[in-house]
Structure formats: C-alpha cells, structure tokens
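Participant: A single structure is presented below for examination.
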Amino acid sequence: MKDKNIIKNEKIDSLDELAKFANYSLMDTLISDPDANDDGQNHYPREVFNGHYVPITPTPIKNPIYIAHSKTFFDELGFDDSLSQSEDFIKMFSGDISDVPKPLRNIGWACGYALSIYGREYYNQCPFQTGNGYGDGRAVSILETVLNGKRWEMQLKGGGRTPYCRGADGRAVLRSSIREFLAQEHMHALNIPTSRSLTLYTSKEETVSRPWFTQGSYSRDPEVMIEEDVAITTRVAPSFLRVGQLELFGRRARKNEHPKAKEELAQIVLHAIHREYSDEIDMSLPLEEKIVFLALSFRERLTSLVANWIRVGYCQGNFNSDNTAVGGFTLDYGPFGFIDMFETKYQPWTGGGMHFSFFNQPEAARKNFNMFCSALTPLLESHPSALENLSGIRSGFAKVMNEKMENMWALKLGLDKYDDSLINELISLMLETEVDYTMFFRELSSIPEDISKLEISFYKKLEDENITKRWSLWLDTWKSKLNASSEQLKAVNPKYTLREWFLVEAYEKAKDGDYTLIHKLQDIMSDPYSEQSKQIEEKFYTKKPLEFFDIAGISHISCSS
C-alpha cells in the first residue's frame, strides 16, 4: 500500500490531492476553548480562560487576486506551480474554507499567548486588563499536513477577526504582506531557520484604514490614516507555537487559575516537543527529563538563530517572547529591518527602543529564554533535580550566546578563532567610517590588496589620515590571521539583502497592480550569496541613497500592518 505521507514523483496539482495529506495534530490532541462555538463563528473580542485553541472560520478577502507564490517552497512540498493559481486553491488560501474537499476541514484555529517585553510580564495590553485576550488576533491556521515525512502548519496572516483581535479588523494590508512574503523566503535563502512563504493574494475590492506617515516625513509617529488594500499571505512552519504560548499556560498553572491549569501546561509542552523536537528528545522519557532536554535544545537553536541574524545584518525590531518561536526559527516579520549603515543601536521600529536594537538582540533573546524557563517551572515543582538542571541551563544562556557570537565573528572574518582586539577595532572603524554593513563584508570577502577596494561600502570619504592608517593596519593584521578562501567568505557574507527602500518601491508599484518588482526581488533575494547580472548589481548592490536617511516609512517604520 502506498504511504499517504510520502510523495514520490507526482506533483500535487489539485486541492483534492493535497487533502490526502491532511493531519490536524493540534486540534486532534489539544483542548478546544470550552466557551467557543463549535462551528468556528468566534470572531468577536472576548476573554478566553482555558483551552489551547479557539476554532475559527477565517474571513475571506473579496475577489482575491494572485500576486506570487514561492516556487522554491512549492517544489520542496511537492506542489505543482499551477496549484497556486487554481480556483479552489486560491479560494482556500485567501480565507474561504467553507467548501474544501474532505478530509480538509472547514474550521481553522487561533491560539492565545501571553505578552512579555524584555523579560517583564504584561497583562494590560489586552482589553480586559487580564492578559486573557492576547493572541492570534488576525492569524488563523487552516491546515496541518505531513508531506515527504515533514509536518507543516499553514496559517493565514490577515485571515480575519478572532477572540484575540482586541477590537481590530483582523486584516493585514498589502504593504506588510509583501514585506513578510519576501522576507521569509529571503531568510531561508540566507540559510537561517524561518517560517516560510507559500502564497500571497490581495483584493482590489476591500480596503482597511491604517495609521501611516506623510510622504517625505521625518516623524517617528504615524501622522495620518490611509486606506490600504488588504492581502493574505500564507506562512508555513512545523508549528506556530511561541514562547508566549507556553508562558500563558505557565502563568495559569503558577496562579492555579483553574483546576486543569497545570494539566493544560503539560499538554502544550508535550505537544511542542512532539511538533518541534521529536528527532532530538526520546519520547519514552518521563516529562521532567523531556523538559530539561527541551530547554537545552531550544537554547542551542535560539542562540544560533540570533548569532546568524547579526551575521546577515537582520534586526527583528519587536523581539517579544510572543514573537519567539519555540522551534527556534525566525517568526513574525513585523517591524523588522536589514541594516544599511552599520549602527550597533540600529532599530527599525519606532516603538522598539534600544532593548531590541541590533547588537542587543542576544540580551533580548536571553530575556525571552528566561520567560520560557519560567513557564516550564510549575511542571518541575516535585522534581528538585530537574528544577536544578533547568536553572543551570537558564543561567548558562549568556555563556552559550557569547560563544555563538564569537564563533559567528570568526566565521564571518575567516579566522581560526575569535580575536577580540581585531574585531573590536573593526567595529570601531566601521562606526567611525559609516560603512554599509552588507557591502563592507562582501567586499572584504574578495580579500582586497588595500583599503581602496573597500571604499565602495563607505558612506564617508577617507579624509582623516589617522583613520586611513588604522584601516590599512587592520587590513594587514586581518590578512595575516585569515584562514579561509574568498569563496568560503562569500558563502557566509551575502551580496544581497532585502533593504527597506527596495520594499517600499515594490509595494508602491503593487498598489497600482504592478507586481513585477515583487517577482524580481523574489528571484534576487532567493539567491543572496551569488554574483548576479551586472544590471542587478548596479541597482540592488548599492548603498542607501542619502535622501532616504531618517525618512519615515523607509529608515524607520511603525508596527502598523
């Protein structure tokens, strides 16, 4: 008999074929909100007191229009490209699951989670001042599949209101959807763990109001309300379990908020292990031992992730615990940014503060890991040895994070080992000279004979003789310690990154129905380490124009989406 979870040579080219691979582990093994309507009509803001998910019917966008799909990811999943533009597939992945072929289900799900910002618990951000209304406000998962032996959850971003929408409309706008669609696939091409992009659809018949900036403004805060087209992008991951989700159940267990609070915490933790760590953690172990291994594995993934973000110049912007995937991959491309001019305190989000700035991401990760460990603690109260082990893993985060950062810098510079004085002098020179982060390291990867070859990446001309001498000395010292080829250096220092001013042009054109730049950026950013055509290099391998500096919506953005 043919295993339904294995795809051989045939491509999936219809929704009927895709339906054969459905496997709804979350809804089938976890607890639904007992106060929810079973038919999925749960679209109004309210407190959710217990249960792991709320059944939801997504709200379709009107007359959806195809913009793009990830050809790379379609190929990995075994999907035929034609599927992305078939009528029933578009219908499903733009929010209408009312008439999908069985065993696909016509009800999806949304989950609650807690909010912690930089290691501090918050409750008042939900309308009820209790934290019981915070969660997937406009993200509705509609499918779990097992394809080629891998489990994937498919989630609509902008799929309508849920009990967690906090009075909002549950929609995502075209602008933010383009950003997320392109960023996810770019991050994957950079070899950094991430949620993936499946499809992007928009509507020309439905708009929503959002706060935004006036053209050419230097404001830090949005100044006007604008009408924007809605869109739905489908993002895909092994699960969308967040640290904030575990926190929610950890808080309830800690406070004994209801009789089954600790039981629900154990269930969500075991589900997270099954979904994200089944290859690493022995399922036959007792729960307390699984939790210790979970903490160790998550620490390994999270520290590696953040070091790699800094390697490629990525800043998450809003690195709360609810934006931290338990699976240790990049999640929630809201106010993110890829750095142009190097700044240690670079922060693309006007509401983010220095605690989520570029070089502070390792510390923000440590704070989120602390909240993760705190959420697990109620399950170990009767296991002092496991509790002690968890405490040691928690306190060891900073050391592991520092080691990952040192290894990253050594790899980025082609060194046998981390060299503190060499790297500190480099950072000092990069700041003083105002260099483009990506271009500098890419030019350095060619192992230039002298400093003149690096000047293409400098925003300032080298007019200070002392700095010129320092650069020359640094370059000579670096080359004397270099133990990597140019090819090896270029494999870790990308040529192309998804700069915000590229994205602005793409979504401005998309407003008029021109999606060509989206497709072009998709192609370029899916191959970021390679040399591409001269034409592409001239337009997309270049420093940020000076007239864009400090401009709202380009140099900094709000969280409006």
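The values are calculated or read from the model by the stated rules, or taken from the named source; none is laboratory data. Fair warning: this is a prediction, and the values are worked out from it, not measured in the lab. Note that we place each Cβ from the backbone using ideal geometry, even for glycine, and neighbour counts take in every protein chain shown. Only protein heavy atoms, including side chains, enter the accessible area calculation; ligands, DNA and RNA are left aside. Shrake-Rupley method; radii C 1.70, N 1.55, O 1.52, S 1.80 Å.
Participant: Please work out which one of (1) farther than 26 Å from F213 by Cβ; (2) outside any loop (DSSP other than H, G, I, E, B); (3) open to solvent by 30 Å² or more (accessible area, probe 1.4 Å) is the condition K539 fails and give its number.
Facilitator: (1)
Participant: Can you tell me which residue within region 386-407, out of those that are within 12 Å of E363 (Cα to Cα) and without any contact (Cβ under 8 Å) to a residue 60 or more places away in the chain, is surrounded by the fewest Cβ atoms within 10 Å (Cβ to Cβ)?
Facilitator: Only one residue tops the list, namely K399.
Participant: Now for a different question. Just to be sure, is K20 at pLDDT below 95 and touching a Lys or Arg at 6+ places or on another chain (Cβ under 7 Å)?
Facilitator: The answer is no for K20.
Participant: Would you list the strands (runs of 3 or more DSSP E) that sit entirely within region 111-158 and hold 1 or more residues that are open to solvent by less than 30 Å² (accessible area, probe 1.4 Å)?
Facilitator: Values: elements: 115-117, 120-122, 139-147, 150-157.
The strands (runs of 3 or more DSSP E) meeting that bar are 115-117, 139-147, 150-157.
Participant: Another question, if that's okay. Restricted to region 205-246, and to residues that are at pLDDT below 95 and basic (K, R), which residue is nearest to A266 (Cα to Cα)?
Facilitator: This residue is R210.
Participant: Which members of region 452-473 meet the condition of being outside any helix (DSSP H, G or I) and in contact with a helix residue (DSSP H, G or I) (Cβ under 9 Å, 6 or more places away or on another chain)?
Facilitator: The answer is F458, Y459, K460, K461, L462, D464.
Participant: If you take the residues of region 258-276 that are free of Cβ contacts under 8 Å to residues at least 40 places away in the same chain and closer than 22 Å to A237 by Cα, which of them is nearest to the chain's Cα centre (by Cα)?
Facilitator: Selected residue: I273.
Participant: Shifting gears a bit: Under 6 Å between Cβ atoms, at least 6 apart or on separate chains: pull out the pairs that start in region 475-486 with a residue that is within 14 Å of Y418 (Cβ to Cβ) and open to solvent by less than 90 Å² (accessible area, probe 1.4 Å) and end on any residue that is part of a helix (DSSP H, G or I) and modelled with pLDDT of 95 or more.
Facilitator: From residues that are within 14 Å of Y418 (Cβ to Cβ) and open to solvent by less than 90 Å² (accessible area, probe 1.4 Å), there are no pairs.
Participant: Just the residues that are out of contact with any His (no Cβ under 9 Å at 6 or more places or on another chain) and either without any contact (Cβ under 8 Å) to a residue 12 or more places away in the chain or under 14 Å from R179 (Cα atoms) (or both), please, taken from region 196-212.
Facilitator: Passing the criteria: Y201, T202.
Participant: Further question on the same structure: If the requirement is being closer than 21 Å to L115 by Cα, touching a helix residue (DSSP H, G or I) at 6+ places or on another chain (Cβ under 7 Å) and either open to solvent by less than 10 Å² (accessible area, probe 1.4 Å) or not in a helix (DSSP H, G or I) (or both), which of these qualifies: Y333, Y346?
Facilitator: None of the other options fit; the residue is Y333.
Participant: Please go through (1) on the phi < 0 side of the Ramachandran plot; (2) of a type in the set (V, I, T); (3) surrounded by 16 or more Cβ atoms within 10 Å (Cβ to Cβ) for T468 and return the number of the only condition it doesn't satisfy.
Facilitator: Checking T468 against (1) on the phi < 0 side of the Ramachandran plot; (2) of a type in the set (V, I, T); (3) surrounded by 16 or more Cβ atoms within 10 Å (Cβ to Cβ), the one that fails is (3).
Participant: Among the numbered criteria (1) over 21 Å from the mean Cα position of the chain (by Cα); (2) more than 30 Å from I67 (Cα to Cα), which one does V243 miss?
Facilitator: Against the list (1) over 21 Å from the mean Cα position of the chain (by Cα); (2) more than 30 Å from I67 (Cα to Cα), V243 comes up short only on (1).
Participant: Looking only at region 8-33, which residues are open to solvent by 50 Å² or more (accessible area, probe 1.4 Å) and over 22 Å from R242 (Cα atoms)?
Facilitator: Within region 8-33, K8, N9, E10, K11, D13, D16, E17, K20 qualify.
Participant: While we're here: Here are some residues: E443, E432, E463. Which one is of a type in the set (D, E, K, R), open to solvent by 80 Å² or more (accessible area, probe 1.4 Å) and either over 21 Å from P362 (Cα atoms) or at pLDDT 95 or above (or both)?
Facilitator: Details: E443 fails: open to solvent by 80 Å² or more (accessible area, probe 1.4 Å); E432 fails: open to solvent by 80 Å² or more (accessible area, probe 1.4 Å).
Answer to the check: E463.
Participant: Is there a residue being touching a helix residue (DSSP H, G or I) at 6+ places or on another chain (Cβ under 8 Å) and not in a loop (DSSP other than H, G, I, E, B) anywhere in region 204-225?
Facilitator: From region 204-225, those touching a helix residue (DSSP H, G or I) at 6+ places or on another chain (Cβ under 8 Å) are none; that's our starting set.
The answer is no, given that none of the residues of region 204-225 is touching a helix residue (DSSP H, G or I) at 6+ places or on another chain (Cβ under 8 Å) and not in a loop (DSSP other than H, G, I, E, B).
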